[in-house]
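The values are calculated or read from the model by the stated rules, or taken from the named source; none is laboratory data. Small disclaimer: the values here were computed from a predicted structure and weren't measured. Please note: Cβ atoms are built from the backbone with ideal geometry, for glycine as well, and neighbour counts cover all protein chains shown.
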Number of protein chains: 2
Amino acid sequence: MKKLAIPPNGDSYHHGDLRNALLQAALRLVAEKGAEGFSLREAAREVGVSPAAAYRHFEDKKALMGSLVVGGMGQLALAMERAVDGIKGRAGSAARAVAELAVTGQAYVEFAVRHPEQFQVMFGPWCDHLDFTEVPSEAKPRGRDAYQILVDSLDGLVRAGAITPAARAGAELPAWSMVHGLASLLVAKALPLGPAERAQATALTLRTLLRGLGCAPRLLGPAVPAPDPKPCRTVPCRR
Amino acid sequence: MKKLAIPPNGDSYHHGDLRNALLQAALRLVAEKGAEGFSLREAAREVGVSPAAAYRHFEDKKALMGSLVVGGMGQLALAMERAVDGIKGRAGSAARAVAELAVTGQAYVEFAVRHPEQFQVMFGPWCDHLDFTEVPSEAKPRGRDAYQILVDSLDGLVRAGAITPAARAGAELPAWSMVHGLASLLVAKALPLGPAERAQATALTLRTLLRGLGCAPRLLGPAVPAPDPKPCRTVPCRR
DNA sequence: CCCTCCATGTGAACGGCGCATACATTGCAA
DNA sequence: TTGCAATGTATGCGCCGTTCACATGGAGGG
């Protein structure tokens with residue numbers, strides 16, 4: 001099976017592209033019913049193949065989920081990259097560098113909210129023991145990964161003079177934490193915000209981050225109004 | 001069963017405190033083998049009871065996990081409260097208010113790292129459709145919940161003059177996001193940091209947050225060195 | 001052109017799981 | 001004392017992940 005005239009062969013004994021078909025079905029099922037409810041057997045059923053066939057392409061269920069993680073990471077990076085591509089503004093300018101970090105963060109949050117189950121899989125227990133260095137080369141997405149995009153954005157801020165090299169040191173940590181935290185809380189429904197409030201929250205959060213990195217206030221744009229006063233949904237307490 | 005002479009009765013037909021025994025066993029099993037690997041039957045086995053007995057105390061497995069979430073939230077709040085209690089410094093002073101936010105955040109991160117599986121359960125898919133307002137009153141932990149502690153800390157910053165009321169507006173969002181994000185990334189092993197680096201990362205992150213809220217630099221204490229230069233573990237990329 | 005090999009599929013089976021139902025035991029209260 | 005509600009047991013259903021022996025059929029060597 002080097003080449004196939006009709007790769008997803010409909011009715012032959014051999015499927016032709018079962019691995020990808022399973023991944024696609026898994027992606028859809030996870031999105032529909034969550035990672036907990038997903039079953040390998042159902043994915044196989046969906047593809048029209050016996051449950052055992054999956055084991056010709058994945059060592060076990062964990063391996064399939066791992067592939068989902070890798071794929072999701074690629075999609076996330078792609079979304080961020082596209083957001084960067086959409087920016088107007090002279091390359092190298094401080095305003096552009098600030099916008100780059102902002103839209104990158106927005107894309108991160110937006111991706112999480114639009115694909116919550118996938119996002120949970122990507123950072124859930126399935127990737128705990130996942131060694132990305134062992135991912136086969138052809139399965140890896142092309143281009144910069146999400147982390148690299150963040151690193152480049154921060155470097156861009158320094159190059160454009162928006163923040164100092166001293167503030168840059170280790171800035172990946174608060175930056176990534178902030179954006180990932182907001183995304184996680186939204187996905188976990190710990191912050192029950194509607195779309196408009198969510199945009200405000202993201203803007204406010206990124207603004208706080210940039211200010212925390214020492215970015216000049218005039219680069220931050222207009223002040224962001226705080227979303228509604230009751231975004232709590234953590235813990236119950238008696239009385 | 002209002003009162004029992006020997007509540008965890010060892011050999012009688014009726015257990016006496018099965019609900020709590022199951023929760024305790026579940027907590028241990030989840031901590032040991034992760035939320036994915038946890039099974040109600042195993043918890044029942046552990047307690048020495050038939051699998052169906054659990055259904056006298058929990059509507060289904062999801063309900064049991066929900067109780068675990070509530071319990072975890074209580075423990076988290078307790079850890080934060082204890083951290084606040086351990087602070088020296090005159091109440092109402094700006095330094096004290098800053099320290100309060102800092103130790104609170106550290107406690108949050110520390111809790112997540114020390115109880116990673118429980119933390120994942122607390123903010124994972126199990127609590128997606130969990131309505132905290134319906135938690136029975138006696139199951140709720142006492143005292144302030146985690147979110148309230150954060151709110152109070154931020155209010156304390158304003159009262160002590162460490163940040164302005166304008167900066168305070170909506171500050172829960174970046175604050176909670178940042179701390180929760182760092183905790184999540186550490187738990188997901190997306191940031192492979194050792195204990196020392198972790199402390200540095202937490203300090204650096206909280207420092208950035210406070211600076212982002214407009215806190216005067218002299219209140220932030222000494223500059224925090226950035227942890228090692230390679231804290232990435234997000235996404236693989238080809239070449 | 002045929003034949004063989006082996007990647008890829010099937011079918012049946014195992015033990016474990018969540019959950020429902022019917023039955024057993026027991027403490028409490030009338 | 002007796003009856004009942006609370007609580008635990010026994011059993012069974014269907015689904016799950018995983019394994020293993022076997023079937024199929026396309027590719028490449030003779």
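Remark: residue B:83 falls outside the filter, which requires a residue to be within 11 Å of DNA strand D (Cβ to nearest atom), away from chain A (no Cβ under 14 Å) and modelled with pLDDT of 95 or more. A count restricted to the stretch B:154-165 and to residues that are within 13 Å of chain A (Cβ to nearest Cβ) and in contact (Cβ under 8 Å) with a residue 40 or more places away in the chain stands at 3.
Do we find a residue being touching a Ser or Thr at 6+ places or on another chain (Cβ under 8 Å) and more than 27 Å from residue B:178 (Cβ to Cβ) anywhere in the stretch B:31-45?
yes
Name the residue that is surrounded by the fewest Cβ atoms within 10 Å (Cβ to Cβ), counting only residues in the stretch B:194-212 that are hydrophobic (A, V, I, L, M, F, W, C) and facing chain A (nearest Cβ under 9 Å). It would help to see each step written out before you state the result.
Taking the stretch B:194-212 and keeping what is hydrophobic (A, V, I, L, M, F, W, C), we get B:196, B:199, B:201, B:203-204, B:206, B:209-210.
Within this subset, residues satisfying the condition of being facing chain A (nearest Cβ under 9 Å) are B:201, B:204, B:206, B:209-210.
On the way: B:201: 26, B:204: 22, B:206: 26, B:209: 26, B:210: 24.
Looking at the filtered set, the residue picked out is B:204.
Looking at the structure I just gave you, is residue B:223 closer than 23 Å to residue B:162 by Cα and either at pLDDT below 85 or touching a His at 6+ places or on another chain (Cβ under 6 Å) (or both)? Taking the combined requirement at face value, the residue satisfies it. Do we find a residue being assigned to a helix (DSSP H, G or I), within 19 Å of residue A:200 (Cβ to Cβ) and more than 8 Å from every other protein chain (Cβ to nearest Cβ) anywhere in the stretch B:174-183? Yes, because at least one residue in the stretch B:174-183 is assigned to a helix (DSSP H, G or I), within 19 Å of residue A:200 (Cβ to Cβ) and more than 8 Å from every other protein chain (Cβ to nearest Cβ). Any residue at all in the stretch B:16-39 that's away from DNA strand C (no atom under 11 Å from the Cβ), outside any helix (DSSP H, G or I) and at pLDDT below 95? Checking the stretch B:16-39: at least one residue is away from DNA strand C (no atom under 11 Å from the Cβ), outside any helix (DSSP H, G or I) and at pLDDT below 95. Among residues of the stretch A:50-68 being within 14 Å of another protein chain (Cβ to nearest Cβ) and buried (at least 17 other Cβ atoms within 10 Å of the Cβ), the one that is nearest to DNA strand D (Cβ to nearest atom) is A:61. Scan the stretch A:189-205 for residues that are without any contact (Cβ under 8 Å) to a residue 24 or more places away in the chain and in a loop (DSSP other than H, G, I, E, B) and the total you get is 1.
Out of B:100, B:134, one residue alone is modelled with pLDDT of 95 or more and either closer than 26 Å to residue A:124 by Cβ or crowded, with 18+ Cβ neighbours inside 10 Å (or both). It is B:100. The set of residues in the stretch A:40-74 being under 19 Å from residue A:129 (Cβ atoms) and either assigned to a loop (DSSP other than H, G, I, E, B) or touching a strand residue (DSSP E or B) at 6+ places or on another chain (Cβ under 9 Å) (or both) consists of A:58, A:59, A:60.
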